[in-house]
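Visitor: Quick one: the structure is below, questions incoming.
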Amino acid sequence: MSKVNRPAPAWQIDQWFNTPAALNLESLRGKVIALESFQMLCPGCVSHGLPQATRIRATFAADDVAVVGLHTVFEHHAAMTPTSLQAFLHEYRIQFPVGVDRAGIDGAPTPRTMSAYFMQGTPTLTLIDAAGVIRYQHFGQVSDMLLGAQIAELIREADTLRKSSLLEGDPVQRSQAAHCDEQGCTI
């Protein structure tokens, strides 16, 4: 697990699945975002990452948490096409929105969003707070208990931000303005 505190870069997506319109960070402002980065041929993604993202979607209210998939292919490109991904999403019953990460610049193997988020590989789960700041990033398997606690913390902060109208202005300043611990939330 990495604790992070920097503005989330814009997603660079070539195609979306399971959503009628393209998503972006601004359209999800005010919600906690659980960004599940995966490859359909990654064993850890199939056995741990995607099922966990599905559990997040089932556990937390859609008004509080947006679950978004990022298919970020850095190997086996010929096998992991959008057509194959569409069949995969159907077969595995993935119902949350999934974007296809744009290929790396000048043939670089690492896709653009994956690179901008400094991911080590897949699966990677990134938690972005309601103000658009990356707060946690987990590479590999993460405990449901730890993840649930982190999401609950970010939901509490989002509630505090909504009440104090701090969703405007600098994202890092917004993130640092609200602080929640076991004693309560302060601004």
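Visitor: Tell me which of these LYS163 doesn't satisfy, since it passes every other one: (1) at pLDDT 95 or above; (2) assigned to a helix (DSSP H, G or I).
Guide: Here LYS163 meets the rest and fails (1).
Visitor: Given (1) of a type outside the set (A, V, I, L, M, F, W, C); (2) in contact (Cβ under 8 Å) with a residue 12 or more places away in the chain; (3) more than 15 Å from LEU127 (Cβ to Cβ), identify the lone condition not met by THR59.
Guide: Unmet for THR59, out of (1) of a type outside the set (A, V, I, L, M, F, W, C); (2) in contact (Cβ under 8 Å) with a residue 12 or more places away in the chain; (3) more than 15 Å from LEU127 (Cβ to Cβ): (3).
The values are calculated or read from the model by the stated rules, or taken from the named source; none is laboratory data. Since we're looking at a predicted model, the values are computed, not measured. Glycine also receives a Cβ, built like all others from the backbone with ideal geometry; neighbour counts cover every protein chain displayed.
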